[in-house]
Amino acid sequence: MTLPTAPHSVPEEMIAVLQDFMSYLDFPTLELLLSATAILSCIAMVVLRRLNPSEKGPAFWAASCLCISLVVPARPFLGLLGPFVFFAVMGFPLSLLLGLEGILRFRGAAGEEARKRLLPLLFLLFAGTSYVAGSHAGLRSLLNDGFMTVMLFLSAFFMVRGTKGLELVVHGIGALGCLLLGAALAYRWSLAFAGVVGAQIHASSRLIYFAAILWNLTTWCFGASMAVMLRARQYIVRLADYDALTGLPNRRNFDRNLDTLFVRKNGVKRPFAIVIVDLDGLKRLNDTYGHALGDRALMLTAEALERAVGPGQMASRFGGDEFVLLDRGASDWNDVEDFEQRIRRQVEREHPLDDGRKLRLRISIGSALFPEDGTRPGDLFHIADQRMYREKQLRSASSEVL
């Protein structure tokens, strides 16, 4: 049995190629392959969940694959039970619902509580339409395929939304599987809508099975797995390059940026400045009010420094009460002094606390300008550190709670 051409749906040439391709596939082979890939995908998602227990998506993806792996082998037996055939049909919609929910949770979409109430209602809707359609394939396709197509296109959309670069490529692999299966379902729905019934609709299901096999492999085994592992890698890189408390770049990150200024092309090195900022009175805050308030003071300082930096500048935390900033665009001491004043304005003010009190922050600043103060990183840090301690002794300021 070959697939019919739906009028005005797709070009006739594509239909002819599709008919020739699908004529080599039979349902037992497709069912076996679909069930096998679903089982492999389920195992992969379970392992992915064990390796990344903080990720919410893999648990739903494993359940999605499990539905397919259980329902497909049971379809012939359920079909013998007459009115209970709709149980076999519900496996696909349930699998897609679980897959979509997993993607939404993985991408951090809002409305999780609302979806907990909506998903059971959608499942009951599919169960009702499947029961009403019974063994009538054309009516069942007309009722359910459109909804499943929408779910797959939504899955593809949320998989790639807000991504770029390598992340877009990785997430795009998973989205591609959803689009392929969605297109196949949309094609079968178009046949049902055009009035094609009986064996022809049944034959078009070959395409659905084949697309579902690709969906299992591309969306779950490859796409979802790579997306989770990419996120894990990004998290590890962030731990290595950023301070856990303040979120600012750490010393490793700062040193890497500084090194690029000493290896510029053709040996041309433009002036730049290093600015060391020390939070005054941090030990007193920790001893008097506890480390929670001390940590809050560090976070407020980091937030103020982030507001102070502009293009070509960066702020980092080296540890303890010390922050170091880099100004790549500083050409003379006027630029450095302007940067220092901007830093002081942002940091040295009264910051409101959650309990209604205010925290007045005080800092000491020391700067060094390349190449005037040195041509090596160690020399610049030494000069800036000396100037910072000199200011600390002269001002004798301390952060305090008001």
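The values are calculated or read from the model by the stated rules, or taken from the named source; none is laboratory data. Predicted model only: the values in this text are computed from it and were never measured. Here Cβ is always computed from backbone atoms with ideal geometry, including for glycine, and neighbour counts include all displayed protein chains. Please note that ligands, DNA and RNA were not included when accessible areas were found on the heavy atoms of the full protein model with its side chains. Shrake-Rupley method; radii C 1.70, N 1.55, O 1.52, S 1.80 Å.
Centroid-to-centroid, using Cα positions, segment 279-295 and segment 323-393 are 20 Å apart.
Apply the a/c threshold of 1.5 to the C-alpha gyration tensor of segment 223-294 and tell me whether it is rounded, prolate or oblate. Here segment 223-294 falls in the oblate category. For the chain, the membrane-span-like helix rule (DSSP H, alpha carbon extent of at least 18 Å along the helix axis, mean Kyte-Doolittle at least 0.0) picks out 27-51, 57-79, 91-106, 112-133, 137-160, 166-193, 199-215, 225-241, 291-308; this says nothing about an actual membrane.
Under the criterion of Cα pairs below 8 Å and six or more residues apart, the relative contact order for the chain equals 13 percent. Computed on segment 106-250, with alpha-carbon pairs under 8 angstrom and 6+ residues apart, the relative contact order is 23 percent.
Extension gain, Arg161 to Leu261, is 32.4 nm, computed as 0.36 nm per intervening residue step minus the present C-alpha separation. Label zone (Arg328, point 7 Å along Cα-to-C-beta; backbone nitrogen cut-off 13 Å) within segment 277-309: none. Using the Cβ-Cβ distance between Val150 and Glu113 with R0 = 22 Å, the FRET efficiency computed as 1/(1 + (r/R0)^6) comes to roughly 0.50.
Its Cα centre serving as origin, segment 221-328 has a Cβ charge dipole (Lys and Arg +1, Asp and Glu -1) of approximately 600 debye.
Give the residue from Gly329, Gly378, Pro352 lying farthest towards the positive end of the charge dipole for segment 268-402; charges sit on Cβ (+1 for Lys and Arg, -1 for Asp and Glu) and the dipole is referred to the Cα centre. The residue sitting most towards the positive pole is Pro352. In this Cβ point-charge picture (+1 for Lys and Arg, -1 for Asp and Glu), the chain has a dipole of about 400 debye about its Cα centre. Each Lys and Arg adds +1 at its Cβ and each Asp and Glu adds -1 at its Cβ; summed about the Cα centre, segment 248-402 shows a dipole of about 240 debye.
Taking the empirical scaling 2.2 N^0.38 Å for compact globular proteins as reference, the chain has a Cα radius of gyration ratio of 1.44. Subtracting the Cα-Cα distance of Asp295 and Leu125 from their residue separation scaled by 0.36 nm leaves 56.1 nm. If R0 equals 45 Å, the separation of the Cβ atoms of Ser396 and Arg233 corresponds to a calculated FRET efficiency of about 0.45.
Remark: the Cα gyration tensor places segment 246-402 in the prolate category, a/c being 1.5 or greater and a/b exceeding b/c. Classify segment 108-178 from the C-alpha gyration tensor, please: rounded if a/c falls under 1.5, else prolate or oblate depending on whether a/b exceeds b/c. It is oblate, given that a/c is not under 1.5 and a/b is not larger than b/c. Absence of a disulfide-compatible partner, taken as no other cysteine beta carbon within less than 4.7 angstrom, is noted in the chain for Cys67, Cys178, Cys221. Both radii are taken from the alpha-carbon atoms of segment 334-402; with Rh as the Kirkwood radius, Rg/Rh is 1.10.
With the convex hull drawn over the C-alpha atoms of segment 287-328, the volume per residue is 56 Å³. Legend: calculated FRET efficiency, Glu337 to Asn286, from the Cβ-Cβ distance at R0 = 45 Å, rounded to 0.05, equals 0.90. In straight-distance terms, cross-link reach from Lys116 covers every one of the aspartates and glutamates whose alpha-carbon lies under 17 Å from its own, apart from those fewer than eight places away in the same chain; here that gives Glu101.
Rolling a 1.4 Å probe over the protein heavy atoms gives segment 318-387 an accessible area of 48 Å² per residue.
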